[in-house]
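To start, the structure under review is shown below, and the notes come after it.
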Amino acid sequence: MTTFSTPNDPAQSPEIAPAAPAGPGTGTTDPFAVAGSAAAYIAEHTGVPAHDLALVLGSGWGEAADLIGTTTATLAAADIPGFSAPAVQGHVGTVRSILTPTGKRVLVLGARTHFYEGKGVRAVVHGVRTAAAAGAKVLVLTNGCGGLNENWAPGTPVLIRDHINLTASSPLEGATFVDLTDLYSTRLRTIAREVDPSLGEGIYAQFPGPHYETPAEVQYAKRIGADLVGMSTALEAIAARHAGMEVFGISLVTNLAAGISPLPLSHGEVLEAGQAAGPRISRLLADILARI
Ligand code: 8IG
């Protein structure tokens, strides 16, 4: 396994970084080179030289890959350069290659590294950079999140229209000025609404976590324009755009955010809402992917 040293530390930027120790198994710590090694490993071990699309499965979306097509290869994420074992119950540590009925190759990342794991932002976006290096032109990001809109009951899928990155961090290092206008593809959101016209849209705020927000922080998020609060996705979307991918994001509201509902939050509730919504969102995602 490759370890990533502190990202976003100016000392890590390529121009001024001191000679970094070589990462085990990869011979480098350059994040794009590690992603290239991971993509080469995936190509070799799946027998698929290039994937068309990538899908990241978040809380509650675990079964969503099953309806997309035929799984042709399953790899343990921990065996792929730069990946590590998942830290959260309900997150599957596998990378799968799926062949869709229309002949598309989908790389399914069941393992996500969260910002709160403290492994650094490079580790958080490694899967996305690997997907790009594996050829994926479209990235589908899914997550479980808290909802700020009382009309979105737990189990409601919501399209991400835009995000607010509250991690005070970026996956990009150095003078890398990337335009994030229309980060969450209008084209892909339109396709999703053709599949299910009842889908709502919202602004996703990524908090660092791992604690949930206080009710006051939820009110703050609401005032700055957020509809959804979570602990993933925004940093990955930024890395994906930097890598030239078209991004589609969809959240499963698994709980009302703190203070929106009178009930306290629990990870058990999150898993339950995901399980209950499973069949509907699996079908939805498969139908959307079939049209991309
Ligand atoms: I699932 O209410 C899930 N993830 N930050 N807040 C934050 N992340 C979450 C929440 C939530 N629910």
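The values are calculated or read from the model by the stated rules, or taken from the named source; none is laboratory data. For clarity, every value in this text was computed on a predicted model and none was experimentally measured. All Cβ positions, glycine included, derive from the backbone under ideal geometry; neighbour counts span all protein chains shown.
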**OP:** Could you figure out which of (1) within 11 Å of the ligand (Cβ to nearest atom); (2) under 21 Å from Ala153 (Cβ atoms) isn't true of Gly278?
**Re:** (1)
Subject >> the range 94-116 - residue that is part of a loop (DSSP other than H, G, I, E, B) and closer than 18 Å to Met231 by Cβ and, of those, nearest to the chain's Cα centre (by Cα) >> reply: Arg112
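Select from the range 152-171 the residues that are in contact with a helix residue (DSSP H, G or I) (Cβ under 6 Å, 6 or more places away or on another chain) and either within 15 Å of the ligand (Cβ to nearest atom) or part of a loop (DSSP other than H, G, I, E, B) (or both) and list them in ascending order.
We begin by selecting, within the range 152-171, every residue in contact with a helix residue (DSSP H, G or I) (Cβ under 6 Å, 6 or more places away or on another chain); these are 154-155, 157, 159, 163, 165, 167, 169, 171.
Scanning the range 152-171 gives Pro154, Gly155, Pro157, His163, Asn165, Thr167, Ser169, Pro171.
Taking the criterion of being under 16 Å from Ala54 (Cα atoms), more than 9 Å from the ligand (Cβ to nearest atom) and either β-branched (Val, Ile, Thr) or surrounded by fewer than 17 Cβ atoms within 10 Å (Cβ to Cβ) (or both), would at least one residue in the range 213-230 satisfy it?
So the first thing to find is which residues in the range 213-230 are under 16 Å from Ala54 (Cα atoms), and the list is none.
Within the range 213-230, not a single residue is under 16 Å from Ala54 (Cα atoms), more than 9 Å from the ligand (Cβ to nearest atom) and either β-branched (Val, Ile, Thr) or surrounded by fewer than 17 Cβ atoms within 10 Å (Cβ to Cβ) (or both).
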**OP:** Restricting attention to the range 187-214, report how many residues are over 18 Å from the mean Cα position of the chain (by Cα) and either in a loop (DSSP other than H, G, I, E, B) or over 18 Å from Thr254 (Cβ atoms) (or both).
**Re:** 14
Subject >> Checking Gly60 against (1) surrounded by fewer than 20 Cβ atoms within 10 Å (Cβ to Cβ); (2) modelled with pLDDT under 85, the condition it does not meet >> reply: (1)
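Give me a count of the residues in the range 231-260 that are touching a residue at least 60 places away in the same chain (Cβ under 8 Å) and either within 12 Å of the ligand (Cβ to nearest atom) or assigned to a strand (DSSP E or B) (or both). Spell out the reasoning first.
To start, the set of residues in the range 231-260 that are touching a residue at least 60 places away in the same chain (Cβ under 8 Å) comprises 231-258, 260.
Adding the requirement that they be either within 12 Å of the ligand (Cβ to nearest atom) or assigned to a strand (DSSP E or B) (or both) leaves 231-234, 246-258, 260.
So the answer is 18.
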Original post:
When you scan the range 215-229, how many residues do you find that are closer than 17 Å to Thr142 by Cβ and part of a loop (DSSP other than H, G, I, E, B)?
Top reply: 1
Original post:
What is the number of the single condition among (1) assigned to a strand (DSSP E or B); (2) at pLDDT 95 or above; (3) within 15 Å of the ligand (Cβ to nearest atom) that Asn149 does not meet?
Top reply: (1)
**OP:** Would you mind stating whether Ser282 is in a loop (DSSP other than H, G, I, E, B) and out of contact with any strand residue (DSSP E or B) (no Cβ under 7 Å at 6 or more places or on another chain)?
**Re:** no
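If we scan the range 186-193, do we find a residue that is surrounded by fewer than 18 Cβ atoms within 10 Å (Cβ to Cβ) and hydroxyl-bearing (Ser, Thr, Tyr)?
Our first condition is that a residue be surrounded by fewer than 18 Cβ atoms within 10 Å (Cβ to Cβ); within the range 186-193, this holds for 186-187, 190-191, 193.
If we keep only those that are hydroxyl-bearing (Ser, Thr, Tyr) too, we end up with 186, 190.
Yes - at least one qualifying residue is present in the range 186-193.
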